[in-house]
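Read-outs throughout are calculated quantities, based only on the coordinates presented, and are distinct from any laboratory measurement. This is a predicted model, so every value here is computed, not measured. Quick reminder, even Gly has a Cβ in these numbers, built from the backbone with ideal geometry, and neighbours come from all protein chains shown.
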Amino acid sequence: MNQLIRCKNCDEIFMKTPFDHCPEYKFDPGRSLENFRSIETDDYRDFLTQHQGHQLENLNIIEDSFVSKKAYSEPVKASFFKATNGKEKFVIKKFREKIDEPLKYLLIPGDYSLKYSAIEIQSEEISKQLKRELNPSLSQNKIDAFLKLYRAIAEDIDIKDLERIPEESHYPLEIYYRLDDIHSMFLLRNCRNIFKGQEYSAIEEFIQRHKDDGVLLLKATYKIKLTEIAKPRKKAITASFPLKKEKIAAKK
Ligand SMILES: [Zn+2]
């Protein structure tokens, strides 16, 4: 229901949301979005007044392009998504600096990609789960030794070899991966140096139980890499060039 409008002259955008005009919202399911008429709010009217005579266009938000450094539920944050007019792509920064401020939208010419940053094991969860499930319980020293071993193995893994788990993460920049067979074998083999007899059997079962969807999933964190493109604007170039020349001439 959100409508993203770009002024082509100013490269400014406005996000029209149903929330803006909630009490006056009229929904007619028989009509398409293009013909959809809603009662304008003051903000939208201001935008239209400000850009009177300018060329406006609708942008479509690119699905699944949303990224943010903070949790989905965090209200004060900056996030990014991509939108297109069918020909060009844009990056939109959506942000709010204070909780009582309205959301702001900024158009950034350029693109972004997610850059892999680090891989981690879920130490705390593994430790809790080991204490809960293993009977007789392991000593803290053995739990620490297991975590140390698993961490060392995880650090050595190339993320490209792993299978991504499409699990809902609360953080857009955290992705979970399943430990591959080679590394789980390697983990088991090294566990023989820490655990013996029954303890080894218990840890082996623990690994089998949790490697596919539980606490042994590896957590990779990503960073947003924004590449801004300084858009050459015809108007700006033609306006500034003779101006510069004049300045130089005046100095002489
Ligand atoms: Zn404008």
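If you add up the charges near Ile203, with Lys and Arg at +1 and Asp and Glu at -1, over every other residue whose beta carbon is less than 15 angstrom from its beta carbon, what do you get?
For residues surrounding Ile203, the net value is +4.
Which value in nm describes the separation of the simple spin-label points at Gln198 and Asp158, placed 7 Å from the Cα toward the beta carbon?
Computed distance between label sites Gln198 and Asp158 equals 4.3 nm.
Just need the Rg to Rh number for segment 60-151, please, alpha carbons only, Kirkwood Rh.
For segment 60-151, the value is 1.24.
Please state the relative contact order of segment 76-230 as a whole percent: Cα pairs under 8 Å, 6+ residues apart?
Computed value for segment 76-230: 30 percent relative contact order.
What is the extension gain from Asp144 to Cys10, computed as 0.36 nm multiplied by their sequence separation minus the C-alpha to C-alpha distance, in nm to one decimal?
42.4 nm
Going by the alpha-carbon gyration tensor, a ≥ b ≥ c the square roots of its eigenvalues, is segment 68-116 rounded (a/c under 1.5) or, if a/c is not under 1.5, prolate (a/b greater than b/c) versus oblate?
Judged from the Cα gyration tensor, segment 68-116 comes out oblate (a/c at least 1.5, b/c at or above a/b).
Which residues does the label zone of Leu114 cover in segment 53-73, counting backbone N under 14 Å from a point 7 Å along Cα→Cβ?
Once the point is set 7 Å along Cα→Cβ of Leu114, 63-72 turn out to lie under 14 Å by backbone N, inside segment 53-73.
For Asp43 and Asn85, FRET efficiency with R0 = 35 Å and r from the beta-carbon atoms, rounded to 0.05?
0.95
Past 22 Å, Cα to Cα, is the threshold; run Lys16/Lys89; Lys115/Lys160; Lys128/Lys219; Lys69/Lys148; Lys8/Lys94; Lys93/Lys223 against it and keep the listed order.
Beyond 22 Å: Lys69/Lys148.
What does the extension gain come out to for Glu124 and Leu106, with contour length at 0.36 nm per residue minus their alpha carbon separation?
2.6 nm
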